[in-house]
Amino acid sequence: MKSIPSTIVPIIKEGEFLNCNLFDILKNKKVVIFGVPGAFTPTCSERHLPGFIKMAQAIKKKGIDDILCLSVNDPFVMKSWLLSYKDYHNIIGIADGNGEVTKSLDLMSDKSSNFMGFRCTRFAMIVENNLISELLIEEPGKLDVSSAENILSKL
């Protein structure tokens with residue numbers, strides 16, 4: 001099983017961000033992490049994040065401590081994006097601006113043809129005490145296996 005890297009990244013929680021070691025904050029927790037190519041992009045903003053916000057309580061009832069959203073964006077963009085949703089407090093943001101977490105998990109995607117540079121591939125994973133027990137990677141342009149509904153069915 002692959003492990004979450006010991007990397008310091010900005011974590012956005014309750015509308016504030018703080019630089020934290022991702023590995024340390026996930027110790028002894030069971031979490032869902034989903035990754036999006038970009039904050040404020042159409043599928044991410046209209047379907048992926050809203051799906052997890054809507055289903056957050058149902059997912060947490062299955063024994064999940066936290067739901068985290070990762071994007072290769074800076075913390076200011078991630079904070080603004082999360083705050084644009086009514087129930088933003090249900091999701092913790094990971095602002096992987098330098099792509100360090102994304103690279104270490106082999107989830108980097110070249111979106112240069114769309115003028116977005118290198119971004120995260122759309123995915124969702126279940127992580128228990130920093131070990132990835134389930135990793136679901138989307139085909140380009142799709143939102144199926146990484147959806148909140150699919151993750152809920154895997155718990």
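The values are calculated or read from the model by the stated rules, or taken from the named source; none is laboratory data. What you see is a predicted model; the values in this text were computed from it and never measured. Please note: Cβ atoms are built from the backbone with ideal geometry, for glycine as well, and neighbour counts cover all protein chains shown.
What the table below lists for this structure:
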read-out	value
Which numbered condition Ser80 fails, given (1) more than 15 Å from the chain's Cα centre (by Cα); (2) part of a loop (DSSP other than H, G, I, E, B)	(2)
Segment 90-116, subset out of contact with any strand residue (DSSP E or B) (no Cβ under 8 Å at 6 or more places or on another chain), of a type outside the set (Ser, Thr, Tyr) and farther than 21 Å from Ser3 by Cβ, residue surrounded by the fewest Cβ atoms within 10 Å (Cβ to Cβ)	Phe115
The listed residue being touching a residue at least 24 places away in the same chain (Cβ under 8 Å) and among the basic types (Lys, Arg), out of Lys154, Lys142	Lys154
From Cys44, Cys69, residue being within 11 Å of the chain's Cα centre (by Cα) and part of a helix (DSSP H, G or I)	Cys44
First in segment 8-22 and more than 17 Å from Ser80 (Cα to Cα) and of a type in the set (S, T, N, Q), second anywhere and at pLDDT 95 or above and assigned to a strand (DSSP E or B), Cβ under 7 Å, 6 or more apart	Asn21/Ile8
Selection within segment 33-65 - over 20 Å from Lys86 (Cβ atoms) and either touching a strand residue (DSSP E or B) at 6+ places or on another chain (Cβ under 8 Å) or modelled with pLDDT under 95 (or both)	Ile33, Gly35, Pro37, Gly38, Gly63, Ile64, Asp65
Candidate set: segment 117-135, residues that are surrounded by 13 or more Cβ atoms within 10 Å (Cβ to Cβ) and assigned to a loop (DSSP other than H, G, I, E, B); chosen: the one nearest to the chain's Cα centre (by Cα)	Arg122
Of the criteria (1) touching a residue at least 60 places away in the same chain (Cβ under 8 Å); (2) part of a helix (DSSP H, G or I); (3) within 22 Å of Pro140 (Cα to Cα), which one Leu49 fails	(1)
Enumeration of residues in segment 71-110 that are within 21 Å of Leu135 (Cα to Cα), in contact (Cβ under 8 Å) with a residue 60 or more places away in the chain and either of a type outside the set (A, V, I, L, M) or in contact with a Pro (Cβ under 9 Å, 6 or more places away or on another chain) (or both)	Gly93, Ile94, Ala95, Asp96, Glu100, Val101, Thr102, Ser104, Leu105, Ser109
Criterion: under 17 Å from Pro37 (Cβ atoms) and of a type in the set (S, T, N, Q) - qualifying residue of Asn130, Asn90, Asn114, Asn150	Asn114
Of the criteria (1) at pLDDT 95 or above; (2) over 20 Å from Phe17 (Cα atoms), which one Pro140 fails	(1)
Among residues of segment 87-103, those that are within 19 Å of Asp66 (Cβ to Cβ) and part of a loop (DSSP other than H, G, I, E, B), counted	3
Given (1) in a loop (DSSP other than H, G, I, E, B); (2) under 12 Å from the mean Cα position of the chain (by Cα); (3) within 16 Å of Ser146 (Cβ to Cβ); (4) of a type outside the set (Gly, Ala, Ser), index of the condition Asp106 fails	(2)
